[in-house]
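Input: a single structure, listed below in structure tokens.
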Amino acid sequence: KAPEEPPKPEFEDLEKVAQKRVRMFKMDDEQKKELIKLIRLPYLNHDTLMKAAQMEVFAPFKEIFLESLSAKLNNYEASHIEKYSINTNPRQNFNPLVKSQNQEADQFKQKLAQGYKNLYGQ
């Protein structure tokens, strides 16, 4: 007679457990919007922001990504928007990088202004 196999221990199906937990903590659109705003979006590269703005999952939040593009481009344009709804302050460890980018943007603006003066004599 063959020996009987010991009973297999019962394990919870982790996928089912995860689905139950997600259902318990499902966020509404306003909560999702606030969560997305916590990301320092102006410091992502242009391509990443454009891809995110075009993704279907982010469709309800497209204006946040477009506002982030605007904040990112603000360094290179003369017009300034006073208040954004997104976080435009860099993380502390990114400050040196941001300062150098702002200096480069200022230098670029000066070169453009000088080129304009040379071209149009003003």
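Annotation for residue 87 and residue 113: the two label points, set 7 Å from Cα along the Cα-Cβ direction, are 3.3 nm apart. Remark: the residue 73-residue 31 segment gains 12.4 nm on full extension, using 0.36 nm per residue and subtracting the alpha carbon distance. Measuring between alpha carbons in the structure, the pairs from 37/109; 37/62; 32/62; 72/109 lying more than 20 angstrom apart are 37/109.
Full extension of the segment from residue 63 to residue 120, taken as 0.36 nm per residue of separation minus the current Cα-Cα distance, would add 16.8 nm.
FYI, it's all coordinate maths here, none of it is from the lab. Worth saying up front: this structure is predicted, and the values here are computed from it rather than measured. Positions of Cβ are generated from backbone atoms using ideal geometry, with glycine treated the same way; all protein chains shown enter the neighbour counts.
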